[in-house]
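The values are calculated or read from the model by the stated rules, or taken from the named source; none is laboratory data. Please read these numbers as outputs of a predicted model, since none were measured by experiment. No Cβ is skipped: glycine too gets one built from the backbone with ideal geometry, and neighbour counts run over all protein chains shown. Areas reflect the complete protein model, heavy atoms only, side chains present, ligands, DNA and RNA absent. Shrake-Rupley method; radii C 1.70, N 1.55, O 1.52, S 1.80 Å.
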Amino acid sequence: LRFDFNHLSKVEPETLADIEREVNKYIRADLAVEAAEAALDDAKSRGATMLFGEKYGDEVRVIALADEQDGGDPYSQELCGGTHLLRTGQIGTFLITQEQSTGSGVRRITALTGRGAERYINEQRALLRRLMQQTGAQQPEELTERVDRLHAQIDELDEELVALQRNLSQGQVEQLLNDVEEVNGVKV
């Protein structure tokens with residue numbers, strides 16, 4: 001899914017994690033999803049959220065997530081034409097995979113749910129196992145240390161390579177100077 005919203009700057013990773021936790025909390029709460037047709041003015045007066053720039057007819061579909069734990073007041077109520085769930089628990093897991101700018105002051109969250117989220121988690125776990133195998137890490141927590149060590153080795157080897165290239169170049173210059181011959185009074 002993609003969700004566009006007004007925001008002036010990049011959303012920090014900690015905030016994205018908080019959003020993910022909040023959404024998953026209400027998915028696990030298995031709230032009832034209530035769909036009802038209503039007059040647009042009635043939906044507005046009940047506080048239904050509407051998307052800026054969308055065009056709505058006189059009759060609209062209002063989706064409300066009833067929060068039984070909060071005295072039955074809706075947790076969320078908005079105009080929507082596409083949901084077909086009876087309860088939030090049917091969503092499964094919600095994972096944010098990307099946050100990006102789509103224009104001036106507009107950000108987009110891309111996320112996966114259900115089987116798509118499960119597939120993504122399995123792919124990430126397989127990637128983690130491959131990286132552990134390639135670096136010799138026994139536990140995922142060791143990966144950062146192993147990668148830091150590999151970066152340090154690469155930096156050392158780069159410095160050694162530069163020094164060897166410098167020495168080789170100096171040796172080649174000296175060899176060339178030793179091979180100079182004089183032809184008709186000109187050094188060649």
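Output the number of the condition that GLY47 fails; it satisfies all remaining conditions of (1) surrounded by fewer than 12 Cβ atoms within 10 Å (Cβ to Cβ); (2) within 20 Å of the chain's Cα centre (by Cα).
Single failed check for GLY47: (2).
Step by step: first the residues of the range 1-27, then only those that are in a strand (DSSP E or B) and among the aromatic types (Phe, Trp, Tyr), then the one that is most open to solvent (accessible area, probe 1.4 Å). Which residue is that?
Step by step, filter the range 1-27, then rank; the result is PHE3.
Only one of (1) assigned to a strand (DSSP E or B); (2) over 26 Å from GLU118 (Cβ atoms) fails for GLN98. Which number is that?
Of everything listed in (1) assigned to a strand (DSSP E or B); (2) over 26 Å from GLU118 (Cβ atoms), GLN98 misses just condition (2).
Could you grab me the full set of residues in the range 108-117 that are open to solvent by 30 Å² or more (accessible area, probe 1.4 Å) and within 11 Å of ASP4 (Cβ to Cβ)?
ARG108, THR110, listed by residue number.
How about the range 79-88: which of its residues are of a type outside the set (A, V, I, L, M), over 19 Å from ILE109 (Cβ atoms) and surrounded by 18 or more Cβ atoms within 10 Å (Cβ to Cβ)?
Those that are of a type outside the set (A, V, I, L, M), over 19 Å from ILE109 (Cβ atoms) and surrounded by 18 or more Cβ atoms within 10 Å (Cβ to Cβ): none in the range 79-88.
Considering only the range 153-187, how many residues are open to solvent by less than 90 Å² (accessible area, probe 1.4 Å) and over 30 Å from THR135 (Cβ atoms)?
Matching residues across the range 153-187 total 8.
Step by step: first the residues of the range 89-101, then only those that are within 18 Å of the chain's Cα centre (by Cα) and either free of Cβ contacts under 8 Å to residues at least 40 places away in the same chain or within 14 Å of TYR26 (Cα to Cα) (or both), then the one that is surrounded by the most Cβ atoms within 10 Å (Cβ to Cβ). Which residue is that?
Only one residue fits best here, namely PHE94.
Here are the criteria: (1) open to solvent by 60 Å² or more (accessible area, probe 1.4 Å); (2) out of contact with any Gly (no Cβ under 6 Å at 6 or more places or on another chain). Tell me which single one ARG61 does not satisfy.
With (1) open to solvent by 60 Å² or more (accessible area, probe 1.4 Å); (2) out of contact with any Gly (no Cβ under 6 Å at 6 or more places or on another chain) applied to ARG61, the lone miss is (2).
List the pairs whose first member sits in the range 102-114 and is at negative phi, whose second member is in a loop (DSSP other than H, G, I, E, B) and open to solvent by 40 Å² or more (accessible area, probe 1.4 Å), and whose Cβ atoms are under 6 Å apart, counting only residues at least 6 apart or on separate chains?
ARG107/HIS7; ALA111/LEU1
Please go through the range 134-169 and give me each residue that is of a type in the set (D, E, K, R) and farther than 30 Å from GLN124 by Cα, ordered by number.
Matches in the range 134-169: GLU156, ASP158, GLU159, GLU160, ARG166.
Conditions tested, residue by residue: (1) closer than 18 Å to GLU20 by Cα; (2) at pLDDT 95 or above.
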| position | (1), (2) |
| --- | --- |
| HIS84 | no, no |
| THR93 | yes, yes |
| THR97 | yes, yes |
| GLN100 | yes, yes |
| GLY103 | no, no |
| ALA111 | yes, yes |
| GLY116 | yes, yes |
| GLN124 | yes, yes |
| LEU128 | no, yes |
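Would you confirm, using the coordinates I've provided, whether ARG61 is of a type outside the set (Gly, Ala, Ser), farther than 26 Å from GLU99 by Cβ and touching a strand residue (DSSP E or B) at 6+ places or on another chain (Cβ under 7 Å)?
yes
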